[in-house]
Amino acid sequence: KKAKDLFSHLAVMEDKHKNTFETLRTRLKTYPAPETYPGEYGAYLQDYVDGSIVFSKAKMKESLSRIATAAEALAFAIESELDSMLYYHEMKALLPHRERTILDEIIAEERKHFEQLSAMKKTICKEEESK
């Protein structure tokens, strides 16, 4: 129940992040990313996404199909938060300075999610050990 409630809360937060990214994308449509050739950074970020467990739908579906316990679900979510933070750090270099604080805020929220998930995982693992 506790893990389910935490996941529900985090899902709402992730929807807010999605909206933030959609707004950011709209504002940046005309921003020329610093590139040595056209499409360099877009290709880099796409290659990063394509090779990442977090962002590849096929890999995510495969990973999710192997989750059988709350502790495994929490471990997957923790890994996803870490991968997301790394990706957002990479994205920051591509943004104009005035927009970077948005990513800093999201990274801080993702770090908080990581901490919440880690604490929940420790609690659940202790509970399972005591059974």
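Annotations for the structure displayed:
- Meets criteria (among the polar types (S, T, N, Q) and farther than 25 Å from TYR41 by Cα) for SER84: no
- Taking every residue in region 62-91 that is more than 18 Å from GLN116 (Cβ to Cβ) and pairing it with any residue that is part of a loop (DSSP other than H, G, I, E, B) and open to solvent by 60 Å² or more (accessible area, probe 1.4 Å), at least 6 positions away or on another chain, the pairs with Cβ-Cβ distances below 8 Å are SER63/ILE53; TYR87/PHE55.
- Every listed requirement among (1) open to solvent by 40 Å² or more (accessible area, probe 1.4 Å); (2) under 22 Å from ASP5 (Cβ atoms); (3) within 19 Å of the chain's Cα centre (by Cα) is met by ALA58 save one, (2).
- Annotation: of all residues in region 1-34 being at pLDDT 75 or above and in a loop (DSSP other than H, G, I, E, B), the one that is nearest to THR123 (Cα to Cα) is LYS1.
One line per residue, one yes/no per condition, for (1) within 14 Å of the chain's Cα centre (by Cα); (2) open to solvent by 80 Å² or more (accessible area, probe 1.4 Å); (3) on the phi > 0 side of the Ramachandran plot; (4) not β-branched (Val, Ile, Thr):
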site: SER84; (1), (2), (3), (4): yes, no, no, yes
site: HIS89; (1), (2), (3), (4): yes, yes, no, yes
site: LEU94; (1), (2), (3), (4): no, no, no, yes
site: ARG98; (1), (2), (3), (4): no, yes, no, yes
site: PHE114; (1), (2), (3), (4): yes, no, no, yes
site: THR123; (1), (2), (3), (4): no, no, no, no
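- Pair list, Cβ under 8 Å, 6 or more apart: region 22-42 residue touching a residue at least 12 places away in the same chain (Cβ under 8 Å), other residue exposed (fewer than 12 other Cβ atoms within 10 Å of the Cβ): TYR41/PRO34
The values are calculated or read from the model by the stated rules, or taken from the named source; none is laboratory data. Just so it is clear, the structure is predicted and the values come from calculations on it, not from any experiment. Note that we place each Cβ from the backbone using ideal geometry, even for glycine, and neighbour counts take in every protein chain shown. To get the accessible areas, we keep the full protein, side chains included, count just its heavy atoms, and leave off ligands, DNA and RNA. Shrake-Rupley method; radii C 1.70, N 1.55, O 1.52, S 1.80 Å.
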